[in-house]
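The values are calculated or read from the model by the stated rules, or taken from the named source; none is laboratory data. Every value quoted in this text rests on a predicted model; they were computed, and no experiment measured them. Cβ placement follows ideal geometry from the backbone for every residue including glycine, while neighbour counts extend to all protein chains displayed.
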Amino acid sequence: MKYALLIYDQPGSHEALPDQEREAVYAEYFELSRDSRCVGGAQLHPVETATTVEVKNGTALTTDGPFADTKEVFGGYYMFDVANLDEALELAARIPSARLGGKVEVRPIVEQPS
């Protein structure tokens, strides 16, 4: 079964680390992306680059930045094909943001018939 691991970062948490520790953290992300169960993923540009789209009365309205102010910001995701939720949770716990003030949301993917 496929699971999305949605990474919510604490802004500035990675940048606050000493250089050597930050490099080790980024190596952990790259290690996860090389895991054979990883079937996709991406890091997002900073939240300041976001544009939010909303349609009201048939008109598209855009706003610079994210939709809502939150403590954590959506920073990226992985998609893993694993046997069960427990395996997905185990992988989520390895994502550095989970221990650096952020959170990782684990959600099953709805697979469409081909």
Checklist (1) surrounded by 12 or more Cβ atoms within 10 Å (Cβ to Cβ); (2) under 26 Å from Ala16 (Cβ atoms); (3) in contact with a Gly (Cβ under 9 Å, 6 or more places away or on another chain) applied to Met79, failing item
(2)
When you check Thr52 against the structure, is it modelled with pLDDT under 95, surrounded by 12 or more Cβ atoms within 10 Å (Cβ to Cβ) and of a type in the set (S, T, N, Q), yes or no?
yes
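How many residues does the stretch 60-114 contain that are among the small types (Gly, Ala, Ser) and farther than 21 Å from Glu28 by Cβ?
Taking the stretch 60-114 and keeping what is among the small types (Gly, Ala, Ser), we get 60, 65, 68, 75-76, 83, 88, 92-93, 97-98, 101-102, 114.
Filter again for farther than 21 Å from Glu28 by Cβ, leaving 60, 65, 68, 83, 114.
Of the residues in that region, 5 qualify.
Could you tell me whether the stretch 3-13 includes any residue that is more than 15 Å from Arg99 (Cα to Cα), touching a residue at least 24 places away in the same chain (Cβ under 8 Å) and not polar (S, T, N, Q)? Break it down into steps so the answer makes sense when it comes.
The first filter runs over the stretch 3-13 and keeps only residues more than 15 Å from Arg99 (Cα to Cα), leaving 3-4.
With touching a residue at least 24 places away in the same chain (Cβ under 8 Å) added as a condition, the list becomes 3-4.
So of that shortlist, the ones also not polar (S, T, N, Q) come out as 3-4.
Scanning the stretch 3-13, I find at least one residue that is more than 15 Å from Arg99 (Cα to Cα), touching a residue at least 24 places away in the same chain (Cβ under 8 Å) and not polar (S, T, N, Q), so the answer is yes.
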Pull out all pairs, ordered by first then second residue, where Cβ-Cβ is under 6 Å, the residues are six or more apart or on different chains, the first lies in the stretch 16-39 and is under 27 Å from Asp86 (Cβ atoms), and the second is β-branched (Val, Ile, Thr) and not in a helix (DSSP H, G or I).
Arg37/Val82
Checking Tyr29 against (1) modelled with pLDDT of 90 or more; (2) farther than 18 Å from Gly102 by Cβ, which test does it fail?
(2)
Filter the stretch 1-41 for residues that are exposed (fewer than 15 other Cβ atoms within 10 Å of the Cβ) and either in contact with an Asp or Glu (Cβ under 6 Å, 6 or more places away or on another chain) or hydrophobic (A, V, I, L, M, F, W, C) (or both); the one that is nearest to Gln112 (Cα to Cα) is Met1
